[in-house]
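Have a look at the structure below before the remarks.
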Amino acid sequence: MASVFDNAKSVIERMVRAELRCGREQGTVKLVAASKMNSAERVREAYGAGIRAFGENRAQEMGEKLRLNAYEGAELHFIGHLQRNKVKNVVGAAELIQSVDSEELIRLIGLRALSLGITQNILIEVNIGGETAKSGIPPEELDKLIEIAAGTDGICVQGLMTIPPVSEDISSTRRYFERMYNLFVDMGAKKYDNISMKFLSMGMSADFEEAIMAGANIVRVGTAVFGQRYYA
Ligand SMILES: *Cc1c(COP(=O)(O)O)cnc(C)c1O
């Protein structure tokens, strides 16, 4: 089995190739290693290979690894479903909360950020496939949520995130990525106050190169860096 170190090096190389293939400058796409279910030690191994941003899904697990200084020298993102009662643990600890999809979360994150005297950077998660029982806001409700976020103190929206429907067919995934990119460009053209459409986060182990081709500038890669996760 390949080591985390070797895997991480190879993902970094694949990213550079994908960037160059679509005429983008090397290093313009941010690699966020999705480190759920992987120990602080394995996170440090990925760091040693050059990974400088990590994404966690669960507030508690993130807290445990923070206490072990797992992310030292790296950026930390929150990429999972954020429960209301965990907002207090994540705001301020994560540079970017990628997975915000409701008015209530925006309000709670804003309040917590104000109480800490900070501005919390967030992305709005879009349910681009319109799947029921999936997190993310439907594209047609995005305008409204962005307007709410723009009017909320303590919050700065920096872009969009999505997890497209799982598909064996890469051309169908590519269509979702393209729709997402169009939405991202449309939103950027609207020039809301307090909103910058700086980041488009999409693409995972199976499709991060496709996502880069389609315009992503953040990819979230777990398995290709850390290997298969074994759920207990
Ligand atoms: C786990 C996870 C990823 C990475 O998935 P892989 O297929 O293992 O690369 C990306 N985004 C989110 C939100 C995740 O939870």
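The values are calculated or read from the model by the stated rules, or taken from the named source; none is laboratory data. Keep in mind the model is a prediction, meaning the values are calculated, not measured. Glycine also receives a Cβ, built like all others from the backbone with ideal geometry; neighbour counts cover every protein chain displayed. These accessible areas exclude ligands, DNA and RNA; they are computed on the full protein's heavy atoms, side chains included. Shrake-Rupley method; radii C 1.70, N 1.55, O 1.52, S 1.80 Å.
Specify the residue that is nearest to residue 175 (Cα to Cα); the eligible residues are those in the stretch 106-118 that are open to solvent by 20 Å² or more (accessible area, probe 1.4 Å) and out of contact with any helix residue (DSSP H, G or I) (no Cβ under 6 Å at 6 or more places or on another chain). Among residues in the stretch 106-118 that are open to solvent by 20 Å² or more (accessible area, probe 1.4 Å) and out of contact with any helix residue (DSSP H, G or I) (no Cβ under 6 Å at 6 or more places or on another chain), the one nearest to residue 175 (Cα to Cα) is 107. Quick one: in the stretch 84-105, of everything that is charged (D, E, K, R) and closer than 24 Å to residue 72 by Cβ, which residue is least open to solvent (accessible area, probe 1.4 Å)? Per the criteria, the residue is 86.
Look at the stretch 51-79: where a residue is at positive phi and a partner is open to solvent by less than 40 Å² (accessible area, probe 1.4 Å) and outside any loop (DSSP other than H, G, I, E, B), sitting 6+ places away or on another chain with Cβ atoms under 9 Å, you get 69/40. So is residue 168 modelled with pLDDT of 95 or more, out of contact with any strand residue (DSSP E or B) (no Cβ under 9 Å at 6 or more places or on another chain) and of a type outside the set (A, V, I, L, M, F, W, C) or not? No. Within the stretch 130-150, the residues that satisfy the criterion of being in a loop (DSSP other than H, G, I, E, B) and modelled with pLDDT of 95 or more are 136, 138. Taking the stretch 21-52 on its own, how many of its residues are under 16 Å from residue 9 (Cβ atoms) and open to solvent by less than 40 Å² (accessible area, probe 1.4 Å)? Within the stretch 21-52, residues that are under 16 Å from residue 9 (Cβ atoms) and open to solvent by less than 40 Å² (accessible area, probe 1.4 Å) number 7. Across the stretch 1-58, the qualifying residues are those that are within 26 Å of residue 81 (Cα to Cα) and of a type in the set (Phe, Trp, Tyr), and the one among them that is farthest from the chain's Cα centre (by Cα) is 47. In the stretch 81-92, the residue that is nearest to the ligand (Cβ to nearest atom) out of those that are within 22 Å of residue 219 (Cβ to Cβ) and in contact with a helix residue (DSSP H, G or I) (Cβ under 8 Å, 6 or more places away or on another chain) is 82.
Within the stretch 197-232, the residues that satisfy the criterion of being part of a helix (DSSP H, G or I) and within 12 Å of the ligand (Cβ to nearest atom) are 208, 211, 223, 224, 225, 226. Filtering the stretch 1-13 to residues that are open to solvent by less than 70 Å² (accessible area, probe 1.4 Å), touching a residue at least 40 places away in the same chain (Cβ under 8 Å) and not hydroxyl-bearing (Ser, Thr, Tyr) leaves 2, 4, 7, 8, 11.
The residue that is most open to solvent (accessible area, probe 1.4 Å), among those in the stretch 186-211 that are within 23 Å of residue 77 (Cα to Cα) and aliphatic (A, V, I, L, M), is 206. Residue count for the stretch 110-163 satisfying the condition of being of a type in the set (Gly, Ala, Ser), touching a Leu at 6+ places or on another chain (Cβ under 7 Å) and either within 15 Å of residue 192 (Cβ to Cβ) or within 16 Å of the ligand (Cβ to nearest atom) (or both): 1.
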